1. Report the Rg/Rh value for the stretch 204-356, based on alpha-carbon coordinates and the Kirkwood definition of Rh.
2. Give the value in nm², to one decimal: projected area of the alpha carbon convex hull of the stretch 132-285, averaged over all directions.
3. Take the Cα of E74, step 7 Å along the line toward its Cβ, and report every residue of the stretch 187-215 whose backbone nitrogen sits under 13 Å from that point.
4. Please get the size of the charge dipole for the chain, origin at its Cα centre, with Cβ charges of +1 on Lys and Arg and -1 on Asp and Glu, quoted in debye to the nearest 20.
5. I want to check the label-to-label distance for Q289 and E53. Put each point 7 Å from Cα in the C-beta direction and report it in nm to one decimal.
6. Let me check something: with ligands and nucleic acids excluded, how do R27, R60, R312 order by accessible area (1.4 Å probe), largest to smallest?
7. Counting only Cα, what are the radius of gyration and maximum Cα-Cα distance Dmax of the chain, in Å?
8. In what sequence, largest accessible area first, do M259, M349 appear using a 1.4 Å probe?
Amino acid sequence: LVYSQMRVEPLKGSGYVEADEIRLGSRVGGRVKAVHCQEGQAVTAGTLLLELEEFDLLARKAEATAQVAASEAELARLKNGFREEEIAQAQARVERLAAKHKMLVDGPRAREINAARARRDLAVAQVERAKLTYARLQDLFAQETGSVSRDEVDRSIEEVKVTEQTQRVREEELKLLEEGTRAEEITAAAAELKEAEQALKLFNAGNRSEDIAQAEAAVAAVQAALAAIEVQLNELQIRASVDGVVEAIELQPGDMVGMGTPVLSLMDTRTLWVRAYVPESRLNIAIDQEVRITTDSFTSESFRGKVTFISRQAEFTPRNAQTPEERSKQVFRIKVTLLDGLDKLRPGMAADVWLE
């Protein structure tokens, strides 16, 4: 009796085996398309657990893909600059306008002026011949011999008038050639030539760096929009983030899931620990101290554990404890991580942590 009263029992703390509970969900939400797991099912990381319907995401992805292709094509066009055919066309236009400007500056050639004089002289000769013919026919008509009719005289008069007008036209043409090109035409031709030269410089210089930067920004914007849609499509498939056991799921195909709402619980079985409480009077343990753990399920076995947490604040005692008896009721929460037995122990099992 005396021995039993004086014997000190080894220090132990009772608690339960626990594990991290991960609540999985989708940042998109929508209608449940298919459920690929059941409660209590063991899964590995990456296992597909739940699928949501795509709704309009596929159409939006196709639209964003087309926008990316169009933006990239526009960027490539700006970077490549103008085509060789366009530059050659601009060069030909410059040469054509340069030739036209030189022709206007140089004015009519001497041969053209000489040809105009010859046409003028021919017109003068034709006038003289027409007048002589008219005078001869007029004399014959006046003699009333009947050899010349009045119609022939009238036609000769018309011939004189026509040849005189022709002579006047030829003289005006000669004056225009002798005066040369008008100054206004030369100025207009010079302006057209300058415009064509500047256009050719623009073609040779290529597109502005600001336009290329703007096109690059547009490509980056549509690529970001496409990436956001792809992320949303990935969010339609809820997969296991770690190896564990499906703890709770209450969904069926057709159910609606809110955006950012947890839809199932996954118990992480990679790390198990025991939550226990130690009296203040027996708080002679340290972090990383290795201890022994026993359970009611495996009475003949013990498992190794390591103290990974000791609370710095007491629990389950009044704040104004004054007497030693009241202070002895204070306990501190500790966490003991299991080093083995992960394949046997399950969350929720009762366990004892032997600290001595």
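The values are calculated or read from the model by the stated rules, or taken from the named source; none is laboratory data. Since the structure is predicted, the reported quantities are computational estimates derived from the model, not experimental observations. Cβ sites come from the backbone with ideal geometry, for glycine too, and all protein chains shown count toward neighbours. In case anyone asks, the SASA skips ligands and DNA or RNA and just uses the protein heavy atoms, side chains included. Shrake-Rupley method; radii C 1.70, N 1.55, O 1.52, S 1.80 Å.
1. With Rh from the inverse mean 1/r over Cα pairs, Rg/Rh is 1.29.
2. 33.7 nm²
3. Only 211-215 fall inside the zone, counting backbone N under 13 Å.
4. Working: 48 positive and 60 negative charges, 177 e Å.
So the dipole magnitude of the chain works out to roughly 860 debye.
5. Result for the modelled spin labels: 5.9 nm.
6. Descending accessible area places them as R312, R27, R60.
7. 54.1, 189
8. Working: M259 145, M349 40 Å².
Accessible-area ranking of M259, M349, largest first: M259, M349.
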